[in-house]
């Protein structure tokens with residue numbers, strides 16, 4: 001039997017402890033570095049965003065050709081301004097996709113240009129997808145927004161959740177923590193490492209099921225992606241159908257969204273872009289984002305999609321045969337807090353609803369929207385009922401200020417709205433002319 005000296009035993013013990021610490025600490029370090037909390041180590045490799053920016057667009061309606069050409073050029077300028085490897089946008093009007101454009105690179109090192117079919121992480125824009133499925137369930141009488149969630153899921157892992165309602169979860173008034181407020185420390189660690197796969201929605205509840213509520217349900221507002229995860233578990237219990245099947249049956253298939261899926265289901269898709277760290281838009285030197293698993297936040301931030309798919313859903317929610325007018329009004333009405341004020345940023349049920357000035361000519365527009373920030377990606381979807389229009393924009397990088405990225409959507413909307421108005425005037429004048437000069 002080999003006898004080890006005390007020095008060797010101590011050395012082995014120290015080495016083992018150091019290895020264990022490194023195994024647990026390394027993914028946390030990577031997260032903090034990619035979030036700009038600490039510096040990257042010297043051996044990390046960066047590459048420059050190429051000056052060349054390949055572009056591609058698909059024009060589905062020639063009426064909008066001039067607007068499309070102008071917006072295609074705008075995409076390239078905007079991409080360069082925010083140091084994004086790629087940017088994608090799409091517009092749908094009157095329940096039809098009219099334009100999709102893209103500029104930049106899906107994969108810089110492999111020199112693969114982005115295309116209108118490129119899939120991006122959509123982050124919290126997923127909440128609008130989940131909200132849309134919830135609205136369809138309300139119309140089908142599968143769920144009541146104001147009944148306790150314990151009516152739908154008997155085996156809730158946290159007793160504090162029993163009296164929460166679906167409405168409170170969808171409007172962020174349930175008191176659930178967001179990632180940083182999560183006091184389930186093992187779960188909190190897992191949201192830092194982002195390496196655990198959750199195939200089942202209910203399994204993901206373990207990430208935060210021992211965390212305390214921030215306040216009594218209905219008493220305040222606090223944005224929580226984890227609350228949306230709980231909502232998805234309630235939805236699948238209410239429908240007796242897995243959450244992803246609900247999304248496919250109630251949203252993706254009827255909207256014609258063929259490129260939208262959970263990232264862990266589409267991680268090998270040929271159309272999935274690479275995601276890049278770019279110092280939140282400050283650097284032209286980028287690096288591919290580390291591999292992450294976002295399945296724990298699926299309903300609130302774990303989907304991939306295309307700009308075209310997002311605007312298809314934007315059009316669908318405006319159709320009365322897809323969501324009833326009464327339900328749509330419910331989901332697009334900001335909630336009221338106990339002090340009588342509205343929820344911040346017009347937060348409604350899975351959507352925000354805002355009114356903003358477009359320009360001096362067109363004035364104000366009111367639009368439902370949701371944005372998303374993910375690892376090396378940002379997303380934005382807006383739906384403008386007055387003009388029966390939907391606009392989506394996606395990038396495979398980040399900006400420090402979200403609106404620095406998303407503001408391009410307003411310019412895109414304005415360009416297409418003006419063409420639509422002009423086309424309507426021309427059509428009306430043509431009808432007047434025919435009425436005034438009937439054929440002999």
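The values are calculated or read from the model by the stated rules, or taken from the named source; none is laboratory data. Computed from a predicted structure; not experimentally measured. Positions of Cβ are generated from backbone atoms using ideal geometry, with glycine treated the same way; all protein chains shown enter the neighbour counts.
Looking at 165, 191, can you tell me which residue is surrounded by 16 or more Cβ atoms within 10 Å (Cβ to Cβ), in contact with a helix residue (DSSP H, G or I) (Cβ under 9 Å, 6 or more places away or on another chain), assigned by TED's automatic domain parsing to the domain that holds residue 266 and under 26 Å from residue 34 (Cα atoms)?
On the way: 165 fails: under 26 Å from residue 34 (Cα atoms).
Checking each option against the conditions leaves just 191.
Rundown of residues vs (1) surrounded by fewer than 20 Cβ atoms within 10 Å (Cβ to Cβ); (2) at pLDDT below 95; (3) more than 18 Å from residue 399 (Cα to Cα), yes/no style:
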{"residue": "69", "(1), (2), (3)": "yes, no, yes"}
{"residue": "73", "(1), (2), (3)": "yes, no, yes"}
{"residue": "81", "(1), (2), (3)": "yes, no, no"}
{"residue": "89", "(1), (2), (3)": "no, no, no"}
{"residue": "93", "(1), (2), (3)": "no, no, yes"}
{"residue": "99", "(1), (2), (3)": "no, no, yes"}
{"residue": "104", "(1), (2), (3)": "no, no, no"}
{"residue": "112", "(1), (2), (3)": "yes, no, yes"}
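Is it fair to say residue 268 is assigned by TED's automatic domain parsing to the domain that holds residue 350 and in a loop (DSSP other than H, G, I, E, B)? Spell out the reasoning first.
Values: assigned by TED's automatic domain parsing to the domain that holds residue 350: yes; in a loop (DSSP other than H, G, I, E, B): yes.
Yes; evaluated as a whole, the condition is true for this residue.
Only one of these conditions is not met by residue 186: (1) surrounded by fewer than 24 Cβ atoms within 10 Å (Cβ to Cβ); (2) closer than 23 Å to residue 301 by Cβ; (3) touching a residue at least 40 places away in the same chain (Cβ under 8 Å). Which number is it?
Only one criterion in (1) surrounded by fewer than 24 Cβ atoms within 10 Å (Cβ to Cβ); (2) closer than 23 Å to residue 301 by Cβ; (3) touching a residue at least 40 places away in the same chain (Cβ under 8 Å) is unmet by residue 186, namely (3).
For residue 402, state whether it is at pLDDT 95 or above and surrounded by fewer than 17 Cβ atoms within 10 Å (Cβ to Cβ).
On the way: at pLDDT 95 or above: yes; surrounded by fewer than 17 Cβ atoms within 10 Å (Cβ to Cβ): yes.
The answer is yes for residue 402.
Do you know which residues across the range 41-56 are within 30 Å of residue 190 (Cα to Cα), under 27 Å from the mean Cα position of the chain (by Cα) and part of a loop (DSSP other than H, G, I, E, B)? Let's see the steps before the verdict.
In the first step, residues of the range 41-56 are kept if they are within 30 Å of residue 190 (Cα to Cα); the result is 41-47.
With the extra rule that they be under 27 Å from the mean Cα position of the chain (by Cα), the set shrinks to 46-47.
Selection gives 46 alone.
So how many residues does the range 342-360 have that are over 16 Å from residue 299 (Cα atoms), part of a loop (DSSP other than H, G, I, E, B) and in contact with a helix residue (DSSP H, G or I) (Cβ under 8 Å, 6 or more places away or on another chain)? Before the answer, list the steps.
Kept after step one, since they are over 16 Å from residue 299 (Cα atoms), are these residues of the range 342-360: 342-348, 352-360.
Narrowing the set further to residues that are part of a loop (DSSP other than H, G, I, E, B) leaves 343, 348, 360.
Going one step further and asking which of them are in contact with a helix residue (DSSP H, G or I) (Cβ under 8 Å, 6 or more places away or on another chain), we end up with 348.
Within the range 342-360, residues that are over 16 Å from residue 299 (Cα atoms), part of a loop (DSSP other than H, G, I, E, B) and in contact with a helix residue (DSSP H, G or I) (Cβ under 8 Å, 6 or more places away or on another chain) number 1.
I'd like to verify a number: residues in the range 189-200 that are in contact (Cβ under 8 Å) with a residue 60 or more places away in the chain and part of a loop (DSSP other than H, G, I, E, B), how many? Outline the logic, then answer.
Our first condition is that a residue be in contact (Cβ under 8 Å) with a residue 60 or more places away in the chain; within the range 189-200, this holds for 189-199.
If we keep only those that are part of a loop (DSSP other than H, G, I, E, B) too, we end up with 194-199.
Selection size over the range 189-200: 6.
Going through the range 57-93 one residue at a time, which ones are under 22 Å from the mean Cα position of the chain (by Cα) and not in a helix (DSSP H, G or I)?
82, 83, 84, 85, 86, 87, 88, 89, 90, 91, 92, 93
Among the numbered criteria (1) free of Cβ contacts under 8 Å to residues at least 60 places away in the same chain; (2) farther than 30 Å from residue 206 by Cβ; (3) crowded, with 21+ Cβ neighbours inside 10 Å, which single criterion is violated by residue 276?
Among (1) free of Cβ contacts under 8 Å to residues at least 60 places away in the same chain; (2) farther than 30 Å from residue 206 by Cβ; (3) crowded, with 21+ Cβ neighbours inside 10 Å, the lone unmet condition for residue 276 is (1).
Filter the range 114-138 down to the residues that are out of contact with any helix residue (DSSP H, G or I) (no Cβ under 9 Å at 6 or more places or on another chain) and either surrounded by 21 or more Cβ atoms within 10 Å (Cβ to Cβ) or part of a helix (DSSP H, G or I) (or both) and list them by number. If you could, list the steps in order and put the result at the bottom.
Of the residues in the range 114-138, the ones out of contact with any helix residue (DSSP H, G or I) (no Cβ under 9 Å at 6 or more places or on another chain) are 114-115.
Hit for the range 114-138 is 114, nothing else.
Can you run down the residue pairs with Cβ atoms below 8 Å, 6 or more apart or on separate chains, where the first is in the range 397-416 and assigned by TED's automatic domain parsing to the domain that holds residue 373 and touching a residue at least 12 places away in the same chain (Cβ under 8 Å) and the partner is surrounded by fewer than 16 Cβ atoms within 10 Å (Cβ to Cβ) and assigned to a loop (DSSP other than H, G, I, E, B)?
From the range 397-416, the pairs are 400/282; 414/362.
For the range 315-324, does any single residue satisfy the condition of being in a helix (DSSP H, G or I) and either under 12 Å from the mean Cα position of the chain (by Cα) or closer than 15 Å to residue 90 by Cβ (or both)?
Filtering the range 315-324 down to residues in a helix (DSSP H, G or I) leaves 315-316.
Pick out the ones that are also either under 12 Å from the mean Cα position of the chain (by Cα) or closer than 15 Å to residue 90 by Cβ (or both) and you get 315-316.
Yes, the range 315-324 contains a residue that is in a helix (DSSP H, G or I) and either under 12 Å from the mean Cα position of the chain (by Cα) or closer than 15 Å to residue 90 by Cβ (or both).
Taking residue 397, is it closer than 30 Å to residue 53 by Cα, in contact with a strand residue (DSSP E or B) (Cβ under 6 Å, 6 or more places away or on another chain), modelled with pLDDT of 95 or more and outside any helix (DSSP H, G or I)? Before the answer, list the steps.
Values: closer than 30 Å to residue 53 by Cα: yes; in contact with a strand residue (DSSP E or B) (Cβ under 6 Å, 6 or more places away or on another chain): yes; modelled with pLDDT of 95 or more: yes; outside any helix (DSSP H, G or I): yes.
Taking the combined requirement at face value, the residue satisfies it.
Can you find even one residue in the range 250-262 that is closer than 30 Å to residue 400 by Cβ and not in a loop (DSSP other than H, G, I, E, B)? Quick ask: steps written out before the conclusion?
Taking the range 250-262 and keeping what is closer than 30 Å to residue 400 by Cβ, we get 259-262.
Those left that are additionally not in a loop (DSSP other than H, G, I, E, B): 261-262.
Yes: the range 250-262 contains one or more residues that are closer than 30 Å to residue 400 by Cβ and not in a loop (DSSP other than H, G, I, E, B).
For residue 286, which of the numbered conditions (1) more than 19 Å from the chain's Cα centre (by Cα); (2) surrounded by 17 or more Cβ atoms within 10 Å (Cβ to Cβ); (3) farther than 25 Å from residue 152 by Cβ; (4) free of Cβ contacts under 8 Å to residues at least 60 places away in the same chain fails to hold?
(4)
Condition check ((1) in the same structural domain as residue 123 (by TED's automatic domain parsing); (2) buried (at least 16 other Cβ atoms within 10 Å of the Cβ); (3) farther than 19 Å from residue 310 by Cα) across all residues:
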residue	(1), (2), (3)
202	yes, yes, yes
208	yes, yes, yes
212	yes, no, yes
215	yes, no, yes
233	yes, yes, yes
236	yes, yes, yes
250	yes, yes, no
255	yes, yes, no
259	yes, yes, no
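Of all residues in the range 53-67, how many are more than 16 Å from residue 89 (Cβ to Cβ) and either modelled with pLDDT under 95 or surrounded by 15 or more Cβ atoms within 10 Å (Cβ to Cβ) (or both)?
1
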